[in-house]
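Student: First the structure, which I've put down as structure tokens, then a few questions once you've had a look.
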Amino acid sequence: MNLTIQELQKDHIPYILGYWQNASQEELLAMGIDLNHLSVLDNLGQRLEKQLELANEKKGAFVLVAFIDEQPVGHCYVNNLTYGKDAFMHLHIWKSINLKKGLGSQMVKQSIPHFFEKLKLQTLFCEPAALNPAPNKTLEKIGFKYIKSHTTIPAGWTFEMEVNLWELTLEDFENKF
């Protein structure tokens with residue numbers, strides 16, 4: 001498996017839109033998406049295109065797309081981004097056939113250097129659902145530090161849930177990557 005990561009380009013946007021638009025209600029609920037807030041998808045393409053126009057210092061989000069043998073398979077991104085300070089990381093693998101194969105770990109490992117270097121981050125956070133063992137195990141294995149578990153609404157279109165807050169500092173990144 002030849003995995004590569006690319007910064008978001010305009011021709012990647014339909015793949016991301018297709019992922020969200022084709023997800024079943026069960027898949028969305030499993031991700032914690034509140035089905036009453038799907039209007040967020042209405043202008044997602046425009047928001048992604050806007051990010052392409054902005055310098056990294058001005059972006060609110062930064063998206064990377066993963067490819068296996070030149071076929072797009074998912075995206076890893078940060079939002080709640082404060083350039084030079086911190087951001088929150090998210091990962092989406094687009095097809096269930098690619099789950100439970102270590103792809104998520106590889107995507108995160110290849111994405112992290114881009115986030116720290118391109119965005120001059122001091123800290124990278126991730127807040128997966130506490131009841132979802134796969135991302136929590138992955139984050140620990142990669143070198144993130146567990147901070148706490150808490151109940152929150154982790155994104156504007158999710159429902160309230162228990163999450164685990166993990167962090168990777170610039171110092172830890174430099175020592176482990």
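Rule-based calculations on the coordinates, nothing more; no lab input. Keep in mind the model is a prediction, meaning the values are calculated, not measured. Here the Cβ is made from the backbone with ideal geometry for all residues, glycine too, and neighbour counts use every protein chain on show.
Student: Pull up the range 106-122, narrow it to residues that are polar (S, T, N, Q) and part of a helix (DSSP H, G or I), then point me to the one that is farthest from Met161 (Cα to Cα).
Tutor: Gln110
The rows are residues; the columns are (1) surrounded by 15 or more Cβ atoms within 10 Å (Cβ to Cβ); (2) under 19 Å from Glu57 (Cα atoms); (3) among the basic types (Lys, Arg).
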{"position": "Val73", "(1), (2), (3)": "yes, no, no"}
{"position": "Thr82", "(1), (2), (3)": "no, yes, no"}
{"position": "Ala87", "(1), (2), (3)": "yes, yes, no"}
{"position": "Ile93", "(1), (2), (3)": "yes, no, no"}
{"position": "Lys100", "(1), (2), (3)": "no, no, yes"}
{"position": "Ile112", "(1), (2), (3)": "yes, yes, no"}
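Student: Of the numbered conditions (1) within 25 Å of Thr4 (Cβ to Cβ); (2) in contact with a Pro (Cβ under 7 Å, 6 or more places away or on another chain); (3) buried (at least 17 other Cβ atoms within 10 Å of the Cβ), Val163 fails exactly one; give the number of that condition.
Tutor: Single failed check for Val163: (1).
Student: Another question about this same structure. Yes or no: the range 44-62 includes at least one residue that is in contact with a Ser or Thr (Cβ under 8 Å, 6 or more places away or on another chain) and not acidic (Asp, Glu).
Tutor: No, there is no match, as no residue in the range 44-62 is in contact with a Ser or Thr (Cβ under 8 Å, 6 or more places away or on another chain) and not acidic (Asp, Glu).
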